Amino acid sequence: MKYAVVIGGIVVALAAFVAMFVWLSSSSAPKPAPSDNSNNTSIYNNDNTSVVPTQSPTTTQQGQVAVASASGGSLVVHDFTKDSRVVVDPHNAGHYHLAGGAGLDQVDAPYLIVYVASDQSFTISLEKEPLSQTRLDAEAYLMQMLGISKRDMCLLRYSVLVPNDVSEIYSGKNLGFSFCPGAVVLP
Amino acid sequence: MKLRALFLFAALFLFAPQVHAQSATCIMQATPATVVRGGSFTLKWQANVSAGTITGVGNVSSTGAINLIPVNSTRYVGTFQAVGGTATCSAIVVVLEPNGTASPVGDAVGTVQAPGTVAPPAAITNTDTMAPAPVLPAGSTLTPNNTKPTGLIPCTGLNCQACDLAALAQKVINFLLGLSIPIAAALFAWAGVLFFSSSAVDKLDKARSIFTSVLIGFGIVLGAWLAVETVLKTVLDPTYYKNWNTIECVSPTRRPMGLTINDLLSSLPILNSNTPAPPISVGGISYNAAGTVEAGCREGDAKSTTDGKCYAYGATEGYDPVPASQLNAPKGDCSATALASSWGDNAAAMSCITQKESGCVVDRPSQSDRSNIDKTVFSSGLYQINISANYMQCDGFNGGQKVDCPRAFNGRNYNSTIADQERYTQCINMANDFGCATQNAQRIWNTQGPRAWSTASACGL
């Protein structure tokens, strides 16, 4: 009897683990590669056009997406749309809130980062002084979420802006990332 | 008892995880993408299958990196196969001559060369070939090469390192795991033979004992593996986690071998003055150093300091960089494209206003327009519409009927508090909806003019 209980317990535990393993294997099955993947000559698709794409990020392989770069072509980044910290805008299709939440949840956030799928751009709004530190924090956060280098960050389509009620001096200007060419130096 | 054991054993294999046929994908990168002749670069690749081949390198695992010194500009092509298909990916490294010209790009051929051999033209050469072959003891059968051993021993003697001890231990564990299956099967068979071949009580008891012991033992072996796999797969990021029962040691040859003392010194924080590398000259045109991000140029391309055009290395034709005004132009919801269809000739003006008002965040709650009493936000969205002072009306909300938003408040502006939470929430949602907010902003523009926004004057309006 004792042995039957022990054996039964082990079998049940094994069956549970196997079932969980099957479920995990199914849920993490890789997405199919896009048809043009075999024609890639490099990680960055340098086509010769600068037409603004109007589609959502292109899935390249599991955990990665391609977004437009500022000078044409595309960049491969982590699939941030699957990140648990990202909030899909409930009112505006194709808008992903990468930092700060959505709507009134953004009230006290030091910076807001929104991805707009229509032009595959990132909008970073600095909401707290000192702006230099807030910008550094936002840059670090975005770099970690996208999993790209500083160099690649400079190639994104992005704007770093400051609303007028945060700073009249810097509002309305694209400050750029601090480490990118042409960035506005902040005190 | 014997039927029960057989049934349980069969059930275990019935619930074994299904193998999903998957398509192969791969990605490859050469860093840096341009080297001066004799310099080295790192070729990195990542695929979602267990192995593949890369021209000029040979058979590779799913993920890896190798340090190479190319003879000429070379294109490396990786091929990775899975049940669901084949993926190819490639990377190009450009070799610059001492005079600055770039050698033409050729396809990599062959595999990484063993030390002492002569590399064919346009083939890649592993850094091992730069060092003379070591002298081996007489009678030794070991030869220094980069072929990966396939047996239990993960190295071939001269290329062994401490990591290989861990890899050896892992291989032994994997071997024993595999060995446990035929052993369990053999013991079950023996127990079955005992059970069927005798009616003596002690023999039957022995058979039962063997069944029980083997079942428990085999269950523990499988359970241990499954438990570790399940926990790690659940906890770890799938982007980085492949499997835990394989240890891959980085070959010593993958350590940077092509660096100089100057490279080391320039990487130290005290000695690194962060000054940009001096320009290089290619074909009589001066470029900024390779690896510099050039505003307006495609990734990897350089900007000529002679004519300001962007050039791919080795290219004789340049192209105009994307103008700064376009690079710095507002993106997303403040872009001219997003606003043009609604605002027409006023799109530029409204682009300026929205950048200043909301930082182009479509649902931004105002930092300043908040009640002095309870900090209730009364302006929100791309246009920062003040809902304590303006009604809202648009398609898609309240059946297109007007929503009297000031009635959501007791008081107005900084003296307001929420009187009707449901109405307040509806009005905030309308102000945060791009389409609805745009319709109402246009109405405000038409009735009150652009000066309804305090930032209009800063936009020249």
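The values are calculated or read from the model by the stated rules, or taken from the named source; none is laboratory data. This structure is a prediction, so every number in the text was calculated from the model and none was measured. FYI the Cβ positions are ideal-geometry reconstructions off the backbone, even for glycines, and counts take in every protein chain you see. Only protein heavy atoms, including side chains, enter the accessible area calculation; ligands, DNA and RNA are left aside. Shrake-Rupley method; radii C 1.70, N 1.55, O 1.52, S 1.80 Å.
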### Message
If I ask for residues that are without any contact (Cβ under 8 Å) to a residue 60 or more places away in the chain and either within 19 Å of residue B:456 (Cβ to Cβ) or within 42 Å of the chain's Cα centre (by Cα) (or both), which ones from the range B:380-393 would you list?
### Response
B:380, B:381, B:382, B:385, B:386, B:389, B:390
### Query
If you check B:387, B:418, which single one turns out to be touching a strand residue (DSSP E or B) at 6+ places or on another chain (Cβ under 9 Å), open to solvent by less than 30 Å² (accessible area, probe 1.4 Å) and within 14 Å of chain A (Cβ to nearest Cβ)?
B:387
### Message
I'd like to know if the range A:130-153 contains one or more residues that are open to solvent by 10 Å² or more (accessible area, probe 1.4 Å), of a type in the set (Phe, Trp, Tyr) and either assigned by TED's automatic domain parsing to the domain that holds residue A:71 or under 20 Å from the mean Cα position of the chain (by Cα) (or both).
### Response
yes
### Query
Within the range A:4-21, is even one residue at pLDDT below 70, within 7 Å of another protein chain (Cβ to nearest Cβ) and under 27 Å from residue B:26 (Cβ atoms)?
yes
### Task
Test residue B:316 against the stated conditions and say whether it is of a type in the set (Ser, Thr, Tyr), out of contact with any helix residue (DSSP H, G or I) (no Cβ under 8 Å at 6 or more places or on another chain), surrounded by fewer than 24 Cβ atoms within 10 Å (Cβ to Cβ) and within 12 Å of chain A (Cβ to nearest Cβ).
no
### Message
Among the residues in the range B:416-424, are any closer than 20 Å to residue B:368 by Cα and assigned to a helix (DSSP H, G or I)?
### Response
yes
### Only one of A:85, A:135 that is more than 11 Å from chain B (Cβ to nearest Cβ) and touching a residue at least 60 places away in the same chain (Cβ under 8 Å)
A:85
### Query
Any residue at all in the range B:335-357 that is open to solvent by less than 30 Å² (accessible area, probe 1.4 Å) and basic (Lys, Arg)?
yes
### Task
Looking for whichever is in contact with a Ser or Thr (Cβ under 7 Å, 6 or more places away or on another chain) and without any contact (Cβ under 8 Å) to a residue 60 or more places away in the chain here; the options are A:111, A:141, A:115, A:158. Which one fits?
A:111
